[in-house]
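Heads up: the structure comes next, in structure tokens.
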Number of protein chains: 4
Amino acid sequence: MTDAEDAGTAEVVFRSDVTVELVKCSAEDSDVLFAARVSTKGEQSLEDVHADPSRSTGLINYLLRDRHGSPFEHSTLTYYVQAPIFVFRELMRHRVASYNEESGRYRELRPVFYVPGEDRRLVQEGKPGAYRFVEGSPGQHKTVTQATRRACLEAYAAYREMLEAGVAREVARGVLPVCTYSSMYATMNARALMNFLSLRTRRDNAQFASYPQREIEMVAERMEEEWARVMPLTHAAFDANGRVAP
Amino acid sequence: MTDAEDAGTAEVVFRSDVTVELVKCSAEDSDVLFAARVSTKGEQSLEDVHADPSRSTGLINYLLRDRHGSPFEHSTLTYYVQAPIFVFRELMRHRVASYNEESGRYRELRPVFYVPGEDRRLVQEGKPGAYRFVEGSPGQHKTVTQATRRACLEAYAAYREMLEAGVAREVARGVLPVCTYSSMYATMNARALMNFLSLRTRRDNAQFASYPQREIEMVAERMEEEWARVMPLTHAAFDANGRVAP
Amino acid sequence: MTDAEDAGTAEVVFRSDVTVELVKCSAEDSDVLFAARVSTKGEQSLEDVHADPSRSTGLINYLLRDRHGSPFEHSTLTYYVQAPIFVFRELMRHRVASYNEESGRYRELRPVFYVPGEDRRLVQEGKPGAYRFVEGSPGQHKTVTQATRRACLEAYAAYREMLEAGVAREVARGVLPVCTYSSMYATMNARALMNFLSLRTRRDNAQFASYPQREIEMVAERMEEEWARVMPLTHAAFDANGRVAP
Amino acid sequence: MTDAEDAGTAEVVFRSDVTVELVKCSAEDSDVLFAARVSTKGEQSLEDVHADPSRSTGLINYLLRDRHGSPFEHSTLTYYVQAPIFVFRELMRHRVASYNEESGRYRELRPVFYVPGEDRRLVQEGKPGAYRFVEGSPGQHKTVTQATRRACLEAYAAYREMLEAGVAREVARGVLPVCTYSSMYATMNARALMNFLSLRTRRDNAQFASYPQREIEMVAERMEEEWARVMPLTHAAFDANGRVAP
């Protein structure tokens, strides 16, 4: 999915994918159980965690259905993400999470740019809030690829020119496009993650419609896969209950 | 430190201490390092974590001194706490944490009450915002112990009387005093914990003065001990830099 | 609804109601409009606010239905609330708001206590998460009133006894019951308020069931009345769309 | 400070400044007073607000010095901001505020780009966390201006080319540089604003050193001016106490 092109000293890379890795995680279905049961069991809630699997499933399902959100907060997942800046712009609007990102002030940014892949639907129909996307023609794909590559190469050349003239990184980076890749760590609990997923994935079984941009949905889908692995009961209940964050 | 007294069917307990246990934890000094280094190293920050211990100490120290707080958020600590309701009232004012508490609506509350211990300073001098506490006389201690015990026993008798008459728990509990013990799980990251500690402990080396009530300080001290064990470099830097949350 | 009783030096008051006043407010339906329209109109969104009332109604309705929450945050309401401590305990669990409350450390608390009124349903049926409340018998009402009054008078006498012995307010207040009235200012934006209302009122037209304790629902109902007056379009859309916070 | 250039159908604009307007505001020094005094005065705190100006100054000063932050939250300021995307990227890292921004998905972005002005220091010295900036040479200024203009014109041409080929705005905008202007509303309370100012302005009288990028400092300075006008006592106390957010 990546493709390199020589741009003088550095090798410019064009990618169409995102990287999402779960690098650190303290999140299990049982975290929900001890937190929920403290309300009725007090000090015994922790011993009780592994007591009865079938009742556990029922409890998690009930909490999600009736929107009791706080028991889902005693868990944490840290993702390492590589994605274009325009994706990070949307991601960081979710305020109940912790972020640390690569800095364009502290390091020279690498020439890695996003160019939509073959399967990216290019044409938008409908109106704000209810867009539908349809396939682009071969001609449109070609226009996007060529125009994007050309603009990115020009931008990167301008960036390098300024750096070589001794200009500060934070000034020079102004010309870099929002499709430049950045990288960060994002940490959140399961409740915040469900909120993110409910807004940034589009699913037919969702109780509330969402129309995320495809590129952030690619990040969300990968996050969801990783999360489903570590909290399978919670994930199943989230999906079964209309994908509404509790 | 506890002391039981028969109150009809249930055994009333008086305590002067708090319980704080670190029941779940994903927090190491290295969490701070990978998060901080992503700004300058991008994708290599994770491999770099264990590279150079002495530079790690320096980095953590620099972050705390100059108040770069976000790298301290990629960690999580879950405490189980038993303390009087008046302590929980203060604890829950800290909004950057997750709480689940025993419910007076969903379960019958147990008759466990706080009575100040021998070492609790009883007499307040000074003015709001800068109180000093001095020793109480033996007579004052006796007054506190007797008045507290008497009021708690009366309150609990009234609670039981209403329950036995078939009144809902959430109505009956109105009479229970704020020194009644409750229990909860509290989850927070290291940054939020430092903020809590800076406000709820009183230390001579603190850059900003705090005057916490002694009972919440007892909880804070126990939290700090547990945290110091799992993130020793961060704790040392926090203490060395005036105990200011970054 | 209040009733006083002489308790030596101070007059003990028993109340069954709550006080909620909107003391400060910068919240209009038009706040939602300029915030929402900046996404499509940029710099012209502010001029456009009063352009077309019927389209405004449609826009607010759309935002609530599809859960676009951020435009509802550019507003603020400050309430002054008097309610029992057990209500404040629940209220302050809502972390997206600002609170300042009367302090039991800095002032002597006044002897005002909550006793359930004639219309308070006293008997709980069902199970956790789905309680139903039914009328109490005259005998149950009598038990509640007498037991509550007796316990509060005893508690207050113990409080006063400790204060008169020179004991600090923060120590003495331990004996006061959770039905003691406190007072505070609570400030929040319309989005946070809708979240609060969705969880703390019980309505047949709500998409998600909530089972709040009646006393916090009394506070919520009064907050909702005040808010409906200042943001009538938003309130109507909230109610028409299942009372789900966006 | 702006300068236009014909780029086919649209007129490309280069600017070196930012726009910051306080468009909505419910923030006075007296908001701090009633909130702070409820702790000691309960229900009388509101009447008391205008009682004694000299004591008010003292109270605000004390709250800031000893970091009692919550009384500063019962206020709200809504700013309209036009600034480059790289500034908004930093601004939105401040999570205790509300944002609504112009959307590159819902509207065609206008060709307005940031180019550093004559007075922008271009050359960075020192190391991460403690950068110093010094004047650029005329040659460096010329390089920055020419490289930036050229790259922006190329990027905008590519953007327009894709739009004219029928490609969706959200795809085409990938090529636009982070120096493209965007616009938004940002709402926050005085406490959050002080936190923002403490981190995004560089002042000799600051207790904790900050090294903000100049462009976000330009936004911060304009926000501070507006705020100082509406809450003069609070602003003066903030500045006198080392510009530490309480």
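The values are calculated or read from the model by the stated rules, or taken from the named source; none is laboratory data. None of the values given here were measured: they were computed from a predicted structure. Methodologically, a virtual Cβ is constructed for each residue, glycine included, from the backbone with ideal geometry; neighbour enumeration extends over all protein chains shown. Areas reflect the complete protein model, heavy atoms only, side chains present, ligands, DNA and RNA absent. Shrake-Rupley method; radii C 1.70, N 1.55, O 1.52, S 1.80 Å.
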The stretch A:99-142 - residue that is touching a residue at least 24 places away in the same chain (Cβ under 8 Å) and among the β-branched types (Val, Ile, Thr) and, of those, farthest from D:Ala168 (Cα to Cα):
A:Val112
Here the residues within the stretch B:230-246 that are closer than 19 Å to B:Val20 by Cβ, in contact (Cβ under 8 Å) with a residue 60 or more places away in the chain and open to solvent by 20 Å² or more (accessible area, probe 1.4 Å) are B:Val230, B:Pro232
If you go through the stretch D:168-181 one residue at a time, do you hit one that is open to solvent by 10 Å² or more (accessible area, probe 1.4 Å) and small (Gly, Ala, Ser)?
no
Taking the stretch B:149-166 and keeping only residues that are within 7 Å of chain C (Cβ to nearest Cβ) and surrounded by fewer than 24 Cβ atoms within 10 Å (Cβ to Cβ), one is left with B:Arg150, B:Glu154, B:Glu161, B:Ala165, B:Gly166
Starting from the stretch C:150-168, take each residue that is at positive phi and list its partners that are of a type in the set (A, V, I, L, M, F, W, C), counting only C-beta distances under 9 angstrom and pairs at least six apart or across chains.
C:Gly166/B:Leu122; C:Gly166/B:Val123
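One line per residue, one yes/no per condition, for (1) among the polar types (S, T, N, Q); (2) touching an Asp or Glu at 6+ places or on another chain (Cβ under 9 Å):
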site: C:Thr143; (1), (2): yes, yes
site: C:Glu164; (1), (2): no, no
site: C:Ser182; (1), (2): yes, yes
site: C:Leu199; (1), (2): no, no
site: C:Asn205; (1), (2): yes, yes
site: C:Met218; (1), (2): no, yes
site: C:Val244; (1), (2): no, no
I'm trying to understand the selection: among the residues of the stretch B:11-36, which are aliphatic (A, V, I, L, M) and either free of Cβ contacts under 8 Å to residues at least 60 places away in the same chain or more than 8 Å from chain A (Cβ to nearest Cβ) (or both)?
B:Val12, B:Val13, B:Val18, B:Val20, B:Leu22, B:Ala27, B:Val32, B:Leu33, B:Ala35, B:Ala36
Can you work out which of the residues in the stretch C:131-140 that are of a type outside the set (Lys, Arg) and more than 9 Å from chain B (Cβ to nearest Cβ) is least open to solvent (accessible area, probe 1.4 Å)?
C:Val134
Checking C:Thr187 against (1) within 11 Å of chain B (Cβ to nearest Cβ); (2) over 24 Å from C:Val13 (Cα atoms), which single condition isn't satisfied?
(1)
Report yes if some residue within the stretch D:5-17 is outside any helix (DSSP H, G or I), at pLDDT below 70 and out of contact with any helix residue (DSSP H, G or I) (no Cβ under 9 Å at 6 or more places or on another chain); otherwise report no.
yes
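Residue-by-condition table, conditions (1) more than 19 Å from C:Glu73 (Cβ to Cβ); (2) modelled with pLDDT of 95 or more:
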residue: C:Val171; (1), (2): yes, yes
residue: C:Val178; (1), (2): yes, yes
residue: C:Ala186; (1), (2): no, yes
residue: C:Gln207; (1), (2): yes, no
residue: C:Arg214; (1), (2): yes, yes
residue: C:Glu224; (1), (2): no, yes
residue: C:Arg229; (1), (2): yes, yes
residue: C:Phe238; (1), (2): no, yes
Can you pull out every residue in the stretch C:100-133 that is under 16 Å from C:Pro177 (Cα atoms), touching an Asp or Glu at 6+ places or on another chain (Cβ under 8 Å) and aromatic (Phe, Trp, Tyr)?
C:Tyr114
Can you pull out every residue in the stretch B:214-246 that is small (Gly, Ala, Ser) and either assigned to a loop (DSSP other than H, G, I, E, B) or over 30 Å from C:Ala172 (Cβ atoms) (or both)?
B:Ala228, B:Ala236, B:Ala237, B:Ala240, B:Gly242, B:Ala245
Can you tell me which residues in the stretch B:95-130 are more than 14 Å from chain A (Cβ to nearest Cβ), in a loop (DSSP other than H, G, I, E, B), crowded, with 16+ Cβ neighbours inside 10 Å and not aliphatic (A, V, I, L, M)?
B:Pro116, B:Arg120, B:Gly129
For the condition hydrophobic (A, V, I, L, M, F, W, C), within 30 Å of A:Val112 (Cα to Cα) and at pLDDT 95 or above, what is the one hit in B:Phe88, B:Phe72?
B:Phe72
Scan D:Glu90, D:Glu73 and give me the residue that is of a type in the set (D, E, K, R), in contact (Cβ under 8 Å) with a residue 24 or more places away in the chain and surrounded by 24 or more Cβ atoms within 10 Å (Cβ to Cβ).
D:Glu73
Quick check on the stretch C:108-120. Is at least one of its residues farther than 26 Å from B:Met92 by Cβ and not charged (D, E, K, R)?
yes
Only unsatisfied item for B:Tyr185, checking (1) within 21 Å of B:Asn100 (Cβ to Cβ); (2) open to solvent by less than 10 Å² (accessible area, probe 1.4 Å); (3) in contact with a Leu (Cβ under 8 Å, 6 or more places away or on another chain), is (3)
Can you find even one residue in the stretch A:201-213 that is crowded, with 24+ Cβ neighbours inside 10 Å and either assigned to a helix (DSSP H, G or I) or among the small types (Gly, Ala, Ser) (or both)?
no
Restrict the check to the stretch D:155-172 and report whether at least one residue is within 24 Å of the chain's Cα centre (by Cα) and assigned to a helix (DSSP H, G or I).
no
Check off (1) more than 18 Å from C:Tyr159 (Cβ to Cβ); (2) in a helix (DSSP H, G or I) for B:Ala151 and give me the number that stays unchecked.
(1)
Filter result for the condition that a residue is within 14 Å of chain B (Cβ to nearest Cβ), polar (S, T, N, Q) and assigned to a helix (DSSP H, G or I), over A:Ser39, A:Ser56
A:Ser39
Under the condition of being without any contact (Cβ under 8 Å) to a residue 40 or more places away in the chain and within 21 Å of D:His68 (Cα to Cα), which residue from the stretch D:214-229 is surrounded by the most Cβ atoms within 10 Å (Cβ to Cβ)?
D:Glu224
Could you check, for the stretch C:62-70, whether at least one of its residues is open to solvent by 20 Å² or more (accessible area, probe 1.4 Å), more than 8 Å from every other protein chain (Cβ to nearest Cβ), assigned to a helix (DSSP H, G or I) and among the hydroxyl-bearing types (Ser, Thr, Tyr)?
no
Which of the residues that make up the stretch A:71-94 are over 30 Å from B:Glu102 (Cβ atoms), part of a loop (DSSP other than H, G, I, E, B) and in contact with a helix residue (DSSP H, G or I) (Cβ under 7 Å, 6 or more places away or on another chain)?
A:His94
